[in-house]
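This report concerns only the one structure given below.
Every number in this text was worked out from the coordinates using simple rules, so none of it is lab data. Just so it is clear, the structure is predicted and the values come from calculations on it, not from any experiment. Quick reminder, even Gly has a Cβ in these numbers, built from the backbone with ideal geometry, and neighbours come from all protein chains shown.
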Amino acid sequence: MSEIPAKATESEDPSDGARAEAAGASGEAPVGDPLWQSSPPGSMYEYIKVASFSIGADGLVDQWSLRAEQLLGIPAERAVGMDPIAAFVDPDLRDRGHRKMAEILDGREWTGVIPFRLPDVPEEDGVLFREPGFGPERDGLAEVYVMPTRNEDGEKAAVCIVVDVRVLRRIETDLAASQAIFGQSPFGFLLIDSDLRVRRANQRFASIFGGTPDDHRGKGVHDYLPRGEAERVAATLRRVLETGDSITDMHVTGFVPGSEERRHWSVNLYRVHSGSGRPIGIAWLGIDITARRAAAREAAAARRNLALLNEAGARIGNSLDLETTARELLDVVVPGFCDLATVDLYQGLLAGDETPPGLADGSAELRRVAFASAVSDVPFESTAKPVAVGAVHHYPFNSPCADALRTARPRAVPAEEGGLVQSTLVVPMVAHDTVVGLVQFSRTKGSEPFGDRDRDVAVELAARAAVCIDNARLYRREHERALILQRSLLPPGDPVASGLDIACRYLPGNVSTGRPSEVGGDWFDVIELPGHRTALVVGDVMGRGLRAAVAMGELRTAVRTLAQLDLEPAEVLSQLDEIARGLGAPGGPSQAFGPGGIQQATRAARRPREADLSEVYLATCVYAVYDSVTRRCTFANAGHLPPVLVEPGEAALMLDVPPGMPLGVGGEPFEEVEVELPEGALLALYTDGLVESRDHPLDEGLQAFVGALTDPSRPLEDVCDHVLNTLDTHHGEDDIALLMARVQGLPAESVGDWTLPREPRSVGRAREYARGQLLSWDLEPLVDTTELLVSELVTNALRYGEGEIRLRLLLDRTLVCEVWDSGLVQPRRRRARDTDEGGRGLQLVGLLSAAWGSRRTHRGKTVWFELPLPDGEHGMVDPAEALLSLF
């Protein structure tokens with residue numbers, strides 16, 4: 001019992017309680033003096049809470065315990081002397097209660113369950129001693145045990161022991177629930193005492209570690225776990241027992257009896273307390289997570305592989321260069337996937353062949369383009385001679401590498417005895433059903449060997465790299481073709497012009513950085529015009545690639561065609577703008593330069609088109625015509641950067657040429673600016689790649705370019721090199737076209753200029769002027785031919801022209817004769833019939849001259865012809881034979 005009435009314990013020896021408590025603490029039954037003793041700590045009485053009181057011979061309460069005060073809510077001073085039947089029994093049952101009380105006082109024991117009603121308690125007393133859980137109810141159900149006895153005077157009395165039935169039912173329910181949880185739990189369940197010994201184990205735990213649940217009583221963690229793991233778990237158990245802090249999801253690793261498979265458990269620990277709150281042990285709940293750990297490792301490996309493939313997709317193939325792409329692959333896989341790796345590509349691919357030789361038997365030559373190792377100073381091959389990066393080699397026919405190349409399937413290479421490499425995968429690089437090379441992945445000792453999943457990942461990595469390498473190969477092939485096309489459209493060699501010293505440079509984009517570049521649309525041209533005039537052209541098609549190069553070629557051809565028509569610069573750009581607008585239209589480019597081509601391109605440009613920006617061709621262009629006789633240069637600009645002029649002894653400056661709209665926009669006229677260039681002046685035309693980049697704004701680049709032209713007197717080739725070296729940090733992403741010209745005007749003694757009145761005598765006078773001028777130039781072999789052709793042109797001017805006539809002879813690399821009049825009717829060459837007396841003059845001019853033509857001027861027209869200078873290489877045509885050939 002937890003307590004007895006006070007009078008019964010007065011003679012109790014205090015030492016007896018101590019002995020009993022010590023005995024209870026050791027788990028043994030109390031021994032010693034048979035007097036009343038205290039129950040051991042943690043006994044059931046701490047949970048049941050038994051109350052007691054005694055009844056005197058008069059049937060009234062004469063003793064009332066403290067537990068009775070707590071259970072029934074009545075203090076002792078009110079309870080003593082109270083009739084329990086009247087106080088607690090329902091009025092309808094009081095008669096029966098009094099009879100039972102009389103029987104008890106006569107010496108009969110009684111045990112039973114009776115309903116009771118708590119008496120009314122004054123408000124000032126309150127229900128202060130009722131324990132939590134009893135609530136404010138006034139009725140209850142009690143299990144009562146009444147024992148007859150006698151008091152000190154020998155009178156009959158009774159002792160009553162009372163237990164609240166609700167507490168008993170709760171204990172019963174808790175025991176049943178505890179047994180169900182402990183016995184039926186699908187997880188391993190242990191109760192561990194304060195000595196870290198198992199006090200109870202459930203069936204699930206016993207089924208894993210063998211035996212029955214009772215066989216595990218008294219065992220410790222060292223009986224189940226390896227030493228190091230057991231010490232870690234024991235330290236955790238002691239910490240839980242001392243602090244009361246729960247442990248959740250503690251991972252424990254060990255083995256089960258009869259198996260060498262490593263098992264993993266997730267363990268939850270919490271401290272267990274007695275009814276009075278004293279710690280008495282630890283509850284252990286263990287869950288086998290071996291399968292879950294394996295699945296987690298599988299998932300982690302899958303995530304790593306996905307991350308590896310994702311990284312490969314982001315890092316491989318950014319350069320469109322074969323060797324760089326191979327190195328990017330190795331940067332991804334070493335050391336994240338393997339410890340050593342090499343990449344070999346077919347030598348034929350690297351040499352530019354369309355189809356690599358020897359694919360059938362895998363014996364073609366390969367070049368090692370990349371090698372990476374996470375282990376320092378370790379060659380890839382352990383027995384054969386190592387292959388250096390850049391070396392050309394081939395694999396033996398019966399080797400796994402040659403077999404992988406033949407079959408296009410990966411192969412595993414067994415490890416060699418005593419070698420560092422323990423696992424190797426040989427994977428062919430296949431792109432579009434074509435093997436382009438071979439990649440080898442190896443792991444050294446200490447790393448996990450390759451598995452099936454690793455093989456799949458290796459194949460995917462090699463396939464991605466192969467596609468990028470094949471794309472780089474195709475890009476290189478198309479890029480080379482585009483470069484051939486682009487360079488074929490640029491002026492061959494060093495252009496030569498009358499009255500100008502020319503130097504030029506063309507650099508593809510990224511040439512300074514060494515990275516592959518796309519073909520651009522930059523171009524320049526030097527076009528010789530009649531009268532020792534020269535057209536200088538620099539243009540830039542917006543965009544890059546083969547499409548831009550083709551558009552550049554079409555526009556360059558159009559510029560040359562329009563220049564031969566001897567149009568004014570502004571008119572040339574206007575016609576070129578119409579052609580550019582028609583390039584994107586169906587049939588526009590192919591028909592732009594045929595009969596009526598300019599008109600067709602114009603009409604195509606004006607037709608409604610779908611709003612497809614990919615078909616819009618835009619370009620910038622600056623067109624200049626230089627006259628070596630007058631040293632005057634006429635400029636027209638279509639959205640291009642301004643020309644730069646450096647006069648002798650002066651600082652460089654940008655010419656104020658109005659920048660019109662780019663070609664292809666249309667709708668705006670172009671303006672012309674005429675500038676007189678002093679002797680020795682330097683003129684520079686260029687594209688934006690020279691002065692603009694993503695790291696440097698355009699203004700900064702222009703200022704740097706102008707500042708680089710500090711010494712125009714140096715040779716032009718040196719000036720070009722100096723400019724490119726100075727502006728090296730300002731370009732690299734775009735193509736660069738640079739055209740420089742130094743002015744060397746035609747000397748006055750090389751020009752003969754006469755004005756003739758409009759009369760028949762002017763024909764003879766023109767012949768005299770021409771003869772005298774040629775003799776002064778020591779060009780006697782040209783006198784007869786020149787006299788004949790001059791008379792024909794002057795005669796036509798008298799017959800079909802208007803106003804006075806002007807004759808001009810120009811001597812430079814060739815002899816040019818010009819006849820000007822104010823008429824606007826252009827001469828037209830026709831074939832005369834045998835019976836015609838005239839109409840053969842222009843035919844004769846065409847036969848005797850190297851070239852001839854006519855052009856409009858501001859106030860009329862000029863008809864001209866050109867004769868080569870006698871140098872022994874070009875034979876002169878006999879005028880008599882030419883005349884006879886006309887009949």
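Expressed as a fraction of 2.2 N^0.38 Å, the C-alpha radius of gyration for the stretch 269-358 is 2.24. Rg and Dmax over the alpha-carbon atoms of the stretch 644-749 stand at 15.4, 52 Å.
Exposure proxy for S194, S54: other Cβ atoms within 10 Å of each Cβ, ordered fewest to most, give S194, S54. Each 10 Å bin from zero holds the following percent of Cα-Cα pairs in the stretch 185-288: 15, 52, 29, 4, 0.
Taking the average, over residues, of other Cβ atoms within 10 Å as the packing measure, peptides 302-312, 158-168 rank 158-168, 302-312 from highest down.
Working note: Debye formula, equal point scatterers on the alpha-carbon atoms of the stretch 247-289, no solvent; log10 I(q)/I(0) at q = 0.16, 0.19, 0.20 Å⁻¹ is -0.53, -0.64, -0.67. The residues K219, K861, K445, when put in order of fewest to most other Cβ atoms within 10 Å, stand as K445, K219, K861.
Packing, taken as the mean count of other beta carbons within 10 Å per residue, orders the peptides 781-787, 647-653 from highest to lowest as 781-787, 647-653. Cα gyration tensor of the stretch 248-317, axes a ≥ b ≥ c as square roots of the eigenvalues: rounded (a/c below 1.5), prolate (a/b > b/c) or oblate? Note, shape of the stretch 248-317 comes out oblate. Between rounded, prolate and oblate, where does the stretch 296-481 land on the alpha carbon gyration tensor, with a ≥ b ≥ c its root eigenvalues, rounded for a/c under 1.5, else prolate if a/b exceeds b/c? Oblate is the answer for the stretch 296-481, as a/c is 1.5 or above yet b/c matches or exceeds a/b. In terms of surrounding Cβ atoms within a 10 Å radius of their Cβ, H432, H393 rank from fewest to most as H432, H393.
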